[in-house]
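One structure is given here, and the rest of the page talks about it.
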Amino acid sequence: MIAKRVEETINKQINAELWSAYLYLSMSAYYSSIGLSGFANWMRIQWQEEVSHALKFFDYLVERGGAPILTTIADVPKKWDGPLAAFEEVQKHEAHVTSLINNLMDVAIEEKDHATKSMLQWYVDEQVEEEANAQTIVDNLRLVGGKGDGLLLLDRELKLRVFVDATLKAKA
Ligand code: OFO
């Protein structure tokens, strides 16, 4: 049986992952509205990834005899000051998510919950990738000054992103 404190913290994280999903879907709509369908695709894939992150926690809680609790998801922003500003928010947000995952790991360590520590290692590694991906795109956007042919080229590249399901990745 999972400790109450670990269960509650995972439940908070399920909500945080779903909020991230909302944020990225909102960004997808924003990028569509300014004619950047590749960026919109990247954000839509990111939305799917965040839902799968939430599901991975959900499945884990069920497996450990805990109870997933789905609570209200707060509103997300709708507008940004251009393609670079939106991606800078992705970068900032992912750094925040890393701190949430690290906090969850601290709770698992304090509760001597080795199974949760093992499960969380996947998220720790995933956050390295998430932050690096956001950083690369922010760097590219800065290089092209957030506009012109460079922006269109980047948009074409981001159109190629495909969804990788975290719940399947976990079992591989
Ligand atoms: Fe964007 O990260 Fe989930 O966990």
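The table below lists the values:
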| item | result |
| --- | --- |
| All positions within the stretch 22-37 that are crowded, with 19+ Cβ neighbours inside 10 Å and either acidic (Asp, Glu) or touching a residue at least 60 places away in the same chain (Cβ under 8 Å) (or both) | LEU23, TYR24, MET27, LEU36 |
| Single match in ILE14, ILE45, ILE2, ILE10 (criterion: outside any helix (DSSP H, G or I) and hydrophobic (A, V, I, L, M, F, W, C)) | ILE2 |
| Odd one out for GLY65, checked against (1) touching a helix residue (DSSP H, G or I) at 6+ places or on another chain (Cβ under 8 Å); (2) touching a residue at least 24 places away in the same chain (Cβ under 8 Å); (3) not β-branched (Val, Ile, Thr) | (1) |
| Criterion: within 12 Å of the ligand (Cβ to nearest atom) and at pLDDT 95 or above - qualifying residue of VAL138, VAL144, VAL97 | VAL97 |
| Residue identified as in a loop (DSSP other than H, G, I, E, B) and touching a residue at least 40 places away in the same chain (Cβ under 8 Å) among LEU70, LEU55 | LEU70 |
| Pairs, first closer than 13 Å to VAL107 by Cα in the stretch 1-21, second within 12 Å of the ligand (Cβ to nearest atom) and not hydrophobic (A, V, I, L, M, F, W, C), C-beta under 9 Å, six or more apart | GLN13/HIS53; GLN13/TYR123 |
| Among (1) of a type in the set (A, V, I, L, M); (2) touching a residue at least 60 places away in the same chain (Cβ under 8 Å); (3) within 28 Å of GLU7 (Cα to Cα); (4) away from the ligand (no atom under 15 Å from the Cβ) - the single one ILE109 does not satisfy | (2) |
| Failed item, numbered, when SER32 is tested on (1) more than 9 Å from the chain's Cα centre (by Cα); (2) within 14 Å of the ligand (Cβ to nearest atom); (3) farther than 24 Å from HIS114 by Cα | (2) |
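The values are calculated or read from the model by the stated rules, or taken from the named source; none is laboratory data. Not measured: the values here are computed from a predicted model. Note: ideal-geometry Cβ built from the backbone for every residue, glycine included; neighbour counts use all protein chains shown.
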